[in-house]
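Have a look at the structure below, then the notes.
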Amino acid sequence: MAHAQHPTPVTARASGPLSGRVRVPGDKSISHRAMIFGLLAIGETKVTGLLEGEDVLRTADAARALGAIVHHDGPGAWRVQGVGVGGLREPAGLLDFGNAGTGSRLMMGVCGAHPITTTFDGDASLRKRPMRRILDPLELMGATILSQEEGGRVPLTIRGPKEALPITYRTPVASAQIKSAVLLAGLAAPGETTVIETEATRDHTEKMLAHFGAEVRVTPEGAHGRRIVLKGQPELQAAPIVVPADPSSAAFPLVAALIVPGSDILIESVMTNPLRSGLLTTLREMGADITVESEANEGGETVATLRVRAGALKGVEVPPERAPSMIDEYPVLAVAASFATGTTRMQGLQELRVKESDRLAAVEAGLKAAGVTCRIEGDDLVVEGGNGTVAGGGTAATHLDHRIAMSFLVMGLATQKPMQVDDGAMIATSFPTFIGLMNGLGAEIA
């Protein structure tokens, strides 16, 4: 497979105040799940607001390969005619997920519990990401791993059992992807499949299971955790899905407005699920001027229009238990911390080492390229703020990671000298309209 592309360097430079009203694309986590549940339901699932980034389109392609009929009716509007739990067709070729960690891991859960053989692959970045954490519970449920790269990485081939076994599984790390893969596999198993997590992670899968008619019970577990019990082998019924705006994508214009002097913007319909709101909590602790202009409900999720105004930020300590609610937002939080007064310590970031890149190392290197004093201490990232001033002038290596690219382009909008990222091509995986949206607010990114 040809995954390599010619790098496309992108530069951001200091602009005047950002202003305007925007809506960022649909939530990536919910978009992946919409395609997967559409595949597993009986009938036609209508989806509006779907994120049409490359990652989600790979999941749509996989749903087609597994037997779903997928129609695209216009921007964000899709229909999925499903095959039902147990009705998957063995794909004719491998499933190439490109850069999509969520899509590949969740679909491993689906396929690993059905009596089919499926090969998963992806781009250079996905080939570095650990999949053993998904394969371990699938093997307990009866799946056989026919082939895998070292450390359980793709390309790998899974053969599902004739009938999956229900299990009780305690997730080894706080990961919605592990939880979701086990629950999706549990749909094909008789009896009850239970997932126990010490730290509660984003709950979109549980909400969507109930939305499509599955019987699922969620109860507290310990101080911060949850126990999720799923009754297996339901007949899921097609149900409409409205995808709210992605809080992880909203993080970029939000932080940009905080650090570019004089900025005042509105970001519409941002999902404010408490298990996804760690960044908002942290920025408010730092003194950020973020207010809720209006609230509504879209597809079972609370959404809000946020007004964001520039202002002084102060350093804070971010506790490790907050990580699951903001795991994708730490790179751009580190950018905000660079402009704060005082020290920001982000604790318990071990999961950042196994994202699209080693995000912990990539953020540290990018900050240093911008002249920011920072260090990694164990699994913590410590950033010394520049009291509103950051030199810039460097190039951040993105390592094929869309969030690293967007974070350092946001930084360049407020640094004294422009910031460059070595490649912006992969931004299309999650936020294909990023540069146009930001420039529409008054940014200078080219």
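Values in this text are rule-based calculations from the coordinates and carry no lab data. These numbers come from a predicted model, not from an experiment. Note that we place each Cβ from the backbone using ideal geometry, even for glycine, and neighbour counts take in every protein chain shown.
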Around ALA214, what is the net charge, scoring Lys/Arg as +1 and Asp/Glu as -1 over all other residues with Cβ under 10 Å from its Cβ? -2
Counted charge near ARG375, where neighbours are those whose Cβ lies closer than 12 Å (Asp, Glu -1; Lys, Arg +1): -2
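Kindly put TYR169, TYR330 in sequence by how many other C-beta atoms sit within 10 Å of each C-beta, fewest to most. Mind dumping the intermediate values first?
Details: TYR169 22, TYR330 27.
Listing TYR169, TYR330 from fewest to most nearby Cβ atoms yields TYR169, TYR330.
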Give me the distance in nm between label points sitting 7 Å out from Cα along the Cα-to-Cβ direction at ARG353 and ALA296, one decimal. 4.4
In whole Hz, the Karplus estimates of ³J(HN,Hα) for the range 69-84 (6.51, -1.76, 1.60; θ = phi - 60°; x where Gly or Pro) are 9, 10, 10, 10, 9, x, x, x, 9, 9, 10, 10, 8, x, 10, x
Would you calculate the separation in nanometres between label points at GLU149 and LEU275, each defined as 7 Å from the Cα along the Cα-to-beta-carbon direction? 3.0
Lysines whose Cα lies under 19 Å from that of LYS368, excluding same-chain neighbours fewer than 8 positions away: LYS417
Run the simple label-point estimate for THR8 and ARG170 please: 7 Å along Cα→C-beta, distance reported in nm. 4.7
From the P(r) of the range 131-241, could you give the percentage of C-alpha pairs in the tail past 24 Å? 26
Kindly work out what percent of the DSSP beta bridges joining two residues of the range 47-197 are antiparallel, to the nearest 5. 75
Straight-line reach from LYS231: which lysines have a Cα under 21 Å away, not including same-chain ones fewer than 8 places off? LYS162, LYS179, LYS207
From the square roots a ≥ b ≥ c of the eigenvalues of the alpha-carbon gyration tensor of the range 185-324, which class results: rounded (a/c under 1.5), prolate (a/b over b/c), or oblate? oblate
So the compactness index of the chain, its C-alpha Rg divided by 2.2 N^0.38 Å, takes the value 0.94
Based on the mean of other beta carbon atoms within 10 Å per residue, what is the order of 125-131, 216-222, most packed first? 125-131, 216-222
Just rank ARG403, ARG284, ARG226, ARG58, fewest to most, by other beta-carbon atoms within 10 angstrom. ARG284, ARG226, ARG58, ARG403
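Might you report the magnitude of the Cβ-based charge dipole of the chain about its Cα centre, with Lys and Arg at +1 and Asp and Glu at -1, to the nearest 20 debye? Write out the running numbers ahead of the final one.
On the way: 41 positive and 49 negative charges, 20 e Å.
Roughly 100 debye for the chain.
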